[in-house]
Amino acid sequence: MDLAIEKMKLIDKIIHTDSEELIEWLKEVLTSDEADFWDELPDSTKASVERGIIQADSGEAIPHEQAITKLKKWR
């Protein structure tokens with residue numbers, strides 16, 4: 001990936017957007033040095049992540065490849 005090209009593509013999209021929400025979101029992301037996304041997550045999402053960590057730590061997780069194989073069967 002050429003970082004300079006990717007930056008230019010993003011700049012072009014920003015210049016041509018009419019979305020005030022997108023611009024406000026970008027401003028927040030680019031100016032918040034201390035913000036932790038975890039603090040912004042809903043409590044239910046945090047609880048799900050924490051449950052997943054506990055399950056993985058206790059050996060209840062399955063390897064990524066196995067999960068992908070299972071998900072492909074649902075398509």
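Tabulated data for the structure shown
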{"item": "Filter pass, Glu21 being surrounded by 10 or more Cβ atoms within 10 Å (Cβ to Cβ), at pLDDT 90 or above, among the acidic types (Asp, Glu) and in a helix (DSSP H, G or I)", "result": "no"}
{"item": "Tally, over the range 34-59, of residues that are exposed (fewer than 10 other Cβ atoms within 10 Å of the Cβ) and not in a helix (DSSP H, G or I)", "result": "5"}
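The values are calculated or read from the model by the stated rules, or taken from the named source; none is laboratory data. All values derive from a computational prediction rather than experimental measurement. All Cβ positions, even for glycine, are placed from backbone atoms using ideal geometry, and neighbour counts span all protein chains on display.
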